[in-house]
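Right, one structure below, let's go through it.
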Amino acid sequence: MQAAKSVVISCAGIGSRLGLGTTKALINIHGKSLIRWQLELFQEAEDIRVVVGFGAHDVIEEVRQYRPDAIFVFNHSYFETKTGASYCLGARDGNAYALEYDGDLLVHPDDMKKLWSAEGEWIAYADQMSDDAIFVRVNERGEVLSFSRESGDYEWTGPCCLKREHIAYTSGNVYNQLEPHLPLPGIKIRVCDIDTYGDYERALKFVESWD
């Protein structure tokens, strides 16, 4: 039997590079907010925790329309911290495993099903797509051995899943929380990370390809 998982969606950041004047969670992708697309990927999840900060009221209002049972966690230090802090805060008091999902990600639904059914701890990665990528180096079994800003086999995109007790607090990035536990099983996925307006345009095309 698969261990119980909590889903932690990190939506606390400002997303200033996007230039659309709203938190990333609320950007419109073909008539639906980004957070709604994400919530639809987690229909099977019983425990969803949305970490909020910038624009918290509007994000909470949007999430409650589709998942009134969602738990909201505040990252009051969203100006000074990155997604690692939100992951730790969201995972507290949750289930044995916590699946981390950045609020600016869109994962292909077929790949999300694969991730959801994966047991234990794991890291997702993809073919390089970003100009400012964090790379992963993997072995012949696809296990993630290390992270690097210089070079690697694939791009680290998230999501990931760790045991709750392995998620140490950091003001930095999620990959900093993963590093002490490497090597970890890796899963290659199709994903779109929305940081810039160009990424947003790619996300529109990415969603169209799901049909």
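Identify, among GLN177, TRP210, TYR200, the residue whose Cα sits farthest towards the positive end of the charge dipole of the chain, taking +1 on the Cβ of Lys and Arg and -1 on the Cβ of Asp and Glu, with the dipole about the Cα centre. Farthest towards the positive end: GLN177.
How many percent of Cα pairs in the chain exceed 27 Å? Looking at the chain, the distances longer than 27 Å represent 24 percent of pairs. Short-range pairs are left out: with C-alpha atoms under 8 Å and at least six residues apart, the relative contact order of the chain is 25 percent. The packing ranking of peptides 117-123, 151-157, highest mean first, is 151-157, 117-123, where packing means the average number of other beta carbon atoms within 10 angstrom of each residue.
Taking the DSSP bridge list for the chain and keeping only pairs wholly inside it, about 50 percent are antiparallel. Hey, quick one: spin label on GLU119, modelled 7 Å out along Cα-Cβ, who in segment 179-203 has an amide N within reach, i.e. under 15 Å? The answer is 185, whose backbone nitrogens lie closer than 15 Å to the label point. Taking 0.36 nm per residue of sequence separation and removing the Cα-Cα distance, the ARG64/GLU208 pair yields an extension gain of 49.3 nm.
From its DSSP helices (H runs of at least four residues, each -39,500 (n - 2.57)), the chain gives a residue-normalised ellipticity at 222 nm of -7000 deg cm²/dmol.
No value in this document is a laboratory result; all are computed from the given coordinates. Nothing here was measured: the structure is a model prediction, and the numbers come from that model. Cβ coordinates were reconstructed from backbone atoms using ideal geometry, including for glycine residues, and neighbour counts include every protein chain displayed.
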